[in-house]
């Protein structure tokens, strides 16, 4: 058996898809997340080191970046068709913003981890486990 080639290309699209689905970018079987946003240090299935990732402020920024235009568009359409009182805007806008941000932040963090793993960023290129 030949040792893994540490310079071999890793499949970017596949590792992004696995990350978005919350699976290990290396094997696609083990869970990426230990809690809602905390990742495992090692993949529970293949042992790939995951603690290297540096998502930092990226997932919250991009979740707000995607959610803001959606919420603003919905609220403008709602205002133009119904002329509701201001409290409707507050309740609907805040509820929609929080719900969408919470729903998007985990897949976006998985995206970041998948990209970093595939591109061997932040220490992902030094893993002792074989590339899948």
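Counting only residues that are under 30 Å from residue 29 (Cα atoms) and exposed (fewer than 13 other Cβ atoms within 10 Å of the Cβ), the range 67-112 holds 4 of them. Exactly one residue out of 92, 108, 102 is over 20 Å from residue 49 (Cβ atoms) and in contact with a helix residue (DSSP H, G or I) (Cβ under 6 Å, 6 or more places away or on another chain), and it is 108. Looking at the range 14-42 only, could you name the residues that are out of contact with any strand residue (DSSP E or B) (no Cβ under 7 Å at 6 or more places or on another chain), assigned to a loop (DSSP other than H, G, I, E, B) and touching a residue at least 40 places away in the same chain (Cβ under 8 Å)? Those that are out of contact with any strand residue (DSSP E or B) (no Cβ under 7 Å at 6 or more places or on another chain), assigned to a loop (DSSP other than H, G, I, E, B) and touching a residue at least 40 places away in the same chain (Cβ under 8 Å): 21, 25, 26, 27, 28, 36, 37.
Scan the range 94-121 for residues that are in a helix (DSSP H, G or I), more than 13 Å from the chain's Cα centre (by Cα) and at pLDDT below 95 and the total you get is 1. Confirm whether residue 61 is more than 11 Å from the chain's Cα centre (by Cα), modelled with pLDDT of 95 or more, closer than 22 Å to residue 15 by Cα and assigned to a helix (DSSP H, G or I). So residue 61 fits the description; yes.
The values are calculated or read from the model by the stated rules, or taken from the named source; none is laboratory data. As the structure is a computational prediction, the values presented were derived from the model and not from experiment. Cβ: placed from backbone, ideal geometry, glycine included. Neighbour counts: every protein chain shown.
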